[in-house]
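These notes concern the structure reproduced below.
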Number of protein chains: 4
Amino acid sequence: MSSTYGKIFRISTFGESHGRAIGVVVDGCPAGIDFNEIFIQSELDRRKPGQSKITTQRKEADEFQVLSGVFEGKTTGTPIAMVIPNEDQRSKDYGHISNQFRPSHADYTYSAKYGVRDFRGGGRSSARETAARVAAGALAKMLLNFDSITIQAYVSQVGKMKLNKEYWELDLSKTENNAVRCPDETMAQQMFDYIDETRKKGDSIGGIITCIIKGVPVGWGEPVFDKLHAELGKAMLGINAVKGFEYGSGFAGIELYGSEHNDEFFVGEDQKVHTKTNHSGGIQGGISNGEDIYFRVAFKPVATIMQDQESINALGQKVIVSGKGRHDPCVLPRAVPIVEAMAALVLADFSLRAKSNRIS
Amino acid sequence: MSSTYGKIFRISTFGESHGRAIGVVVDGCPAGIDFNEIFIQSELDRRKPGQSKITTQRKEADEFQVLSGVFEGKTTGTPIAMVIPNEDQRSKDYGHISNQFRPSHADYTYSAKYGVRDFRGGGRSSARETAARVAAGALAKMLLNFDSITIQAYVSQVGKMKLNKEYWELDLSKTENNAVRCPDETMAQQMFDYIDETRKKGDSIGGIITCIIKGVPVGWGEPVFDKLHAELGKAMLGINAVKGFEYGSGFAGIELYGSEHNDEFFVGEDQKVHTKTNHSGGIQGGISNGEDIYFRVAFKPVATIMQDQESINALGQKVIVSGKGRHDPCVLPRAVPIVEAMAALVLADFSLRAKSNRIS
Amino acid sequence: MSSTYGKIFRISTFGESHGRAIGVVVDGCPAGIDFNEIFIQSELDRRKPGQSKITTQRKEADEFQVLSGVFEGKTTGTPIAMVIPNEDQRSKDYGHISNQFRPSHADYTYSAKYGVRDFRGGGRSSARETAARVAAGALAKMLLNFDSITIQAYVSQVGKMKLNKEYWELDLSKTENNAVRCPDETMAQQMFDYIDETRKKGDSIGGIITCIIKGVPVGWGEPVFDKLHAELGKAMLGINAVKGFEYGSGFAGIELYGSEHNDEFFVGEDQKVHTKTNHSGGIQGGISNGEDIYFRVAFKPVATIMQDQESINALGQKVIVSGKGRHDPCVLPRAVPIVEAMAALVLADFSLRAKSNRIS
Amino acid sequence: MSSTYGKIFRISTFGESHGRAIGVVVDGCPAGIDFNEIFIQSELDRRKPGQSKITTQRKEADEFQVLSGVFEGKTTGTPIAMVIPNEDQRSKDYGHISNQFRPSHADYTYSAKYGVRDFRGGGRSSARETAARVAAGALAKMLLNFDSITIQAYVSQVGKMKLNKEYWELDLSKTENNAVRCPDETMAQQMFDYIDETRKKGDSIGGIITCIIKGVPVGWGEPVFDKLHAELGKAMLGINAVKGFEYGSGFAGIELYGSEHNDEFFVGEDQKVHTKTNHSGGIQGGISNGEDIYFRVAFKPVATIMQDQESINALGQKVIVSGKGRHDPCVLPRAVPIVEAMAALVLADFSLRAKSNRIS
């Protein structure tokens, strides 16, 4: 189990879906940041269940408490512990699967690896764990504010339904206006209907989240192994249900010739170095070059569905797994703040690592 | 700069393209492994330049020396240092770019981050650095032999030319039979011709490498942040020119419903747990489930082309960058052993981490 | 701030003396350990204030709660979070020093380093933080039980009052029989009286804790930098008020000739390898050799005294610091379980690291 | 095996006493440092064998080569690899002990831990490995020059022969004037004679090295676990033959009352905060306070002696181990630069960690 991320701005998360609480300790956050509890809660609210009829109807207030590391409204440089009590612990919903391995869930692998397994709601493998990341990510965003960095994610595809616009054609301030978190209102409505239909069928569907980061200074990222996009990729792939990551031109870029793909440099009117195109996605040689960073994250359809499926139990006997409980038919809308949080955690760490590179 | 990878099986690479040598120190390799120098050299030979007319014509023997950690043919548990001297140091080839920022290269970002830059052949940002990873990866493969794990990568796409077969339809033993490293001979010839045409135009082209890992025991991977696929993704994204990573159903899987995508469990004739389908790509909840692991890695077209491009120099003045020297028109064929090496390094580390999970 | 310790059995502590709570997250504890809450509480009770008239009269129940990582009485392999709420938060006791730098405290250095400082009871620099270590150390002891390892510390010196007996001449089961935690009853009484006199004078006094570890298998420790005694040393020096560490023959051993100091090997009646003497303190070349491990830890007199002292405030003005509040005149008796806890944490980590060294 | 030290300024050493070479890779050294090869060689010369008749008569030029990370005389921010070839590889000197466990050496523990052992000259457990640390430490000193920090170690005790002067009573510039590296010339001569007598008897003797560090800014060190003195202690205890570490008042300080031991603050004529006394040894709460840092390191007598000793071989049979080869009767004189190097490595790492604490 490795629930620790980051080299300098380092988080350790803990907690199971139906245990007493989930939470996070942030070790390495600099002192002197105004600790904005309202902002943290608002980020948690973006992720919490029960937001609309296309998200799970579970009720969790997801109210966090800070236990340490903040004094008179400011971070003190000491570890910041945040805890979110679990309220809705209907473990009876899960008794029927205590001994079953649900298809494409982590039941089997956790059982095989650890021998013991908290089966209630997926235990540690539940996406509920990501609430702790969102709390820590909100703190990371506060740190990144000092560099005026913005991180904005949105849903760009649900199933086969694809938003065919580039990010600069969109008004990203509209992302939070609808339940899907797609900044294009027409597409958002179509996606909403599609997810709702899928829900009614007792099925689930995947999609893509696009994330745009603006304002990262030139020079963040630590080649050769901790390249900026490599850490972003690791962070995204560490989110439940993620199957793929691409940045800049990504998979599509392979079909271009080098003469088409290369980003030529010029000096802009702002007297700064820029590139004419940005196939590089703001990162060259693993280091930010000052252009917008953008990447795309693929989420598979949620494994929990409201249909009968064949599987086996811990004794290897054939069983029928029936979906119960309250689940998301599509994880994408609630995953938007998670993608942003993980991106913020990666950048916060690199911002501090960049400072440590200097002679004086 | 972070040139260290791995938590227990940990490598530190060093060296610039045109410095005295490149190399690697492996700290954490268990004692008692038969150290097969011939195998290591054969892996390096798969990566070395000058293999065919579609790879760079630079001549580097890439002969490695082991400096430590091996005694009477066996690893001793102490750090294993391997060094590959640089022979072909024609730095005069690079004098003309000492002050220029080549488009889509790391020249600008390294200059901005470090102030100082070894411009000869890309210095540290050169793909030459990956030879050290291949040497370490060969050692990792020796460790993985104890678990009978095989890692086989191949070129599955070049530009728009795509091999439309699943890996189980291919005879992967044929991969090394051609210069492209595509196991389908007809497609290999087409790809070869396409790359050669691209070379003649002084241009470059990207592609996809698919990697298949068989034999990984159930239980490797460390959620929630160090999921097996998250580390594989980081490792692949850390290879020069990589723009994307997907495993299992990947980006295509998002278009399936959960009822289609879920992998149902059953007990096979071998009395082991299996899944009927393998959209999970052998990994569930970040932990290997015993099925084949497979993933795809997207490489952009190489930035160095033999055509004139606009750019700027360190003073911000407009310049024309002209391609010189001897470069690969397509990095894919030589990247196959690099993908395998990085996969081996990830797995070797997780094999040791898995041992440390146990009570006794 | 680095409040994380351990490579595999890794703890992150958090919390200030007078904040909402202190606590710890243990990431990397193997699954399947019977989680003995009563034992953990009993270890915390050994450290808690108010045990006798020679310890501080503050009242803290130090009752811990486990938030995660335990299911049906067993560890699950996931992070274990333990929290100890702070009950006695009389911050008014500290208002008078909010702006003062108490001599030999961390007030000045924390202020200079972080800019912000939680001055209540020393904040993060308070020894209260060590309660979290004791909780985690109790868990580490449970893991070490599988190897039948015992860790026993005791007070061997207070001020100039020195117990002139070797550990094998003592009955260590008597350590907990008295308030000083010295296994020699006569000496314990003398030490008690001495500490009590010191208390009445409003002064404080230091001393030495000796720690004996039995049952460590041959082969734990990771040279060249993470030698077993080097990590023990780091762990001990990380405890508040510690000024020195020695193991085996220690500082006294330097006066011996090699011919006197060397430990000759023989095979004992148990058919195991032993040494005739044990100046090595059970560790050779940084690796345990199967003999008893023993070391000594020097604690300075507590900085807080009930006498007036000259100092300065944050403005650099001369002030008189007057001791108030309820403090320990001698930290040694309550530090015994802390020394044991840190030793247990070091060994738990090395026990898991040792497993990861093996080929199969 | 953990041959890696440091979090940001991170070194990985490698090499056996009689292998092809020893060396070190430094990952995380900032760019732009003037790389002074002559200084590095001069530091290696202070450590090399054959300096006088009281050190081993082995001949090793210990000439280093830099393989990477330096361009046009400056560090580039990329890993710096330095290699020292082994010249004097008389392995025949060691054939007689290939199967024997020399008393108080690491032969037995390495054999038990790793199964395989390079017995030539102690292999990896040889103090020869420390040459790589000295090379890296010289680089660390160059980094610390930017803060005008000086690190000066000297021999303060040999056997029972003790230099009874405080460091401020000594002229530390005289340390290098004699073969013992004691700045007091009279005492140096006595120590020299004593070591030489010990050598003639075929025996060995231990001692103490005192180290003084001046100029460390306020604020270095990372509590609660990575306290500045805790890392110094770990680094010193990681040097071969070290048995103890104390800083500031150390073991002697335990006999003082708090009212005697506390260091009162005042503002000096330089308008900076100072303490009237310095029992704290320049570190409070694990963080440097701007005063001189001083500590003492205890070295046991070298295990290799020219006398017959009883022991066993790998089969458990009783054998007589006879000293052969060329060894140091007292390791102290040559250990002075090693102590300085390790101190420099600790401080270099903390200097970079301190930068990463800041908001902007």
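For the stretch B:39-48, the criterion of a residue being under 15 Å from the mean Cα position of the chain (by Cα), closer than 18 Å to B:P79 by Cβ, modelled with pLDDT of 95 or more and of a type outside the set (A, V, I, L, M) is satisfied by no position. Condition test on B:K162, is it open to solvent by 20 Å² or more (accessible area, probe 1.4 Å) and under 28 Å from B:E16 (Cβ atoms)? Against the criterion (open to solvent by 20 Å² or more (accessible area, probe 1.4 Å) and under 28 Å from B:E16 (Cβ atoms)), B:K162 does not qualify. Residue check: is D:E264 facing chain C (nearest Cβ under 7 Å), farther than 30 Å from D:T55 by Cα and open to solvent by 30 Å² or more (accessible area, probe 1.4 Å)? The answer is yes for D:E264. State whether one or more residues within the stretch B:137-150 are open to solvent by 10 Å² or more (accessible area, probe 1.4 Å), of a type in the set (D, E) and out of contact with any Gly (no Cβ under 7 Å at 6 or more places or on another chain). Within the stretch B:137-150, not a single residue is open to solvent by 10 Å² or more (accessible area, probe 1.4 Å), of a type in the set (D, E) and out of contact with any Gly (no Cβ under 7 Å at 6 or more places or on another chain).
Taking the residues in the stretch C:297-326 that are more than 8 Å from chain D (Cβ to nearest Cβ) and buried (at least 22 other Cβ atoms within 10 Å of the Cβ) as candidates, determine which candidate is farthest from the chain's Cα centre (by Cα). Step by step, filter the stretch C:297-326, then rank; the result is C:V321. Scanning the stretch D:203-214 for residues that are within 8 Å of chain C (Cβ to nearest Cβ) and either over 14 Å from D:D328 (Cβ atoms) or surrounded by fewer than 24 Cβ atoms within 10 Å (Cβ to Cβ) (or both) turns up D:D203, D:I208. Tallying residues that are part of a loop (DSSP other than H, G, I, E, B) and within 7 Å of chain C (Cβ to nearest Cβ) within the stretch D:236-261 yields 4. The combined condition, being on the phi > 0 side of the Ramachandran plot, open to solvent by less than 50 Å² (accessible area, probe 1.4 Å) and in contact (Cβ under 8 Å) with a residue 12 or more places away in the chain, is fulfilled by C:G122. Scanning the stretch D:9-32 for any residue that is open to solvent by 20 Å² or more (accessible area, probe 1.4 Å) and free of Cβ contacts under 8 Å to residues at least 40 places away in the same chain turns up nothing. Of the residues that make up the stretch A:130-139, is at least one modelled with pLDDT of 95 or more and over 23 Å from the mean Cα position of the chain (by Cα)? Within the stretch A:130-139, not a single residue is modelled with pLDDT of 95 or more and over 23 Å from the mean Cα position of the chain (by Cα). Among the residues of the stretch C:311-360, those that are charged (D, E, K, R) and in contact (Cβ under 8 Å) with a residue 40 or more places away in the chain comprise C:K324, C:R326, C:D328, C:R334, C:E340, C:D349, C:R353.
Residues in the stretch D:181-202 that are open to solvent by less than 10 Å² (accessible area, probe 1.4 Å) and hydrophobic (A, V, I, L, M, F, W, C): D:C182, D:A188, D:M191, D:I195.
List every residue pair whose Cβ atoms sit under 7 Å apart, with the two residues 6 or more apart in sequence or on different chains, where the first one lies in the stretch C:161-181 and is on the phi > 0 side of the Ramachandran plot and the second, anywhere, is outside any loop (DSSP other than H, G, I, E, B). So the pair list comes out as C:R181/C:Y154; C:R181/C:V155; C:R181/C:T175; C:R181/C:P333; C:R181/C:V336.
I'd like to verify a number: residues in the stretch D:14-62 that are closer than 30 Å to B:K113 by Cβ and either facing another protein chain (nearest Cβ under 8 Å) or assigned to a loop (DSSP other than H, G, I, E, B) (or both), how many? Residues flagged as closer than 30 Å to B:K113 by Cβ and either facing another protein chain (nearest Cβ under 8 Å) or assigned to a loop (DSSP other than H, G, I, E, B) (or both) within the stretch D:14-62 amount to 12.
Does A:A127 satisfy the condition of being within 30 Å of A:L352 (Cα to Cα) and either among the basic types (K, R) or modelled with pLDDT of 95 or more (or both)? Spelling it out, it is not the case that A:A127 is within 30 Å of A:L352 (Cα to Cα) and either among the basic types (K, R) or modelled with pLDDT of 95 or more (or both). Residues in the stretch C:100-123 that are facing chain D (nearest Cβ under 9 Å), in contact with a helix residue (DSSP H, G or I) (Cβ under 8 Å, 6 or more places away or on another chain), closer than 16 Å to A:G77 by Cβ and aromatic (F, W, Y): C:Y110 only.
Scanning the stretch B:288-299 for residues that are more than 30 Å from A:V302 (Cα to Cα) and modelled with pLDDT of 95 or more turns up nothing.
Taken across the stretch C:239-252, residues that are surrounded by fewer than 23 Cβ atoms within 10 Å (Cβ to Cβ) and of a type in the set (D, E, K, R) do not occur at all. Determine, yes or no, whether B:L228 is of a type in the set (A, V, I, L, M, F, W, C) and within 8 Å of chain A (Cβ to nearest Cβ). Answer is no for this residue.
Number of residues in the stretch D:94-113 that are in contact (Cβ under 8 Å) with a residue 40 or more places away in the chain, over 22 Å from the mean Cα position of the chain (by Cα) and open to solvent by 10 Å² or more (accessible area, probe 1.4 Å) equals 7. Here B:M82 passes the criteria (1) more than 14 Å from every other protein chain (Cβ to nearest Cβ); (2) touching a helix residue (DSSP H, G or I) at 6+ places or on another chain (Cβ under 6 Å) except the one numbered (1).
The values are calculated or read from the model by the stated rules, or taken from the named source; none is laboratory data. Bear in mind the structure is a predicted one, so any value in this text is a computation, not a measurement. Positions of Cβ are generated from backbone atoms using ideal geometry, with glycine treated the same way; all protein chains shown enter the neighbour counts. Areas reflect the complete protein model, heavy atoms only, side chains present, ligands, DNA and RNA absent. Shrake-Rupley method; radii C 1.70, N 1.55, O 1.52, S 1.80 Å.
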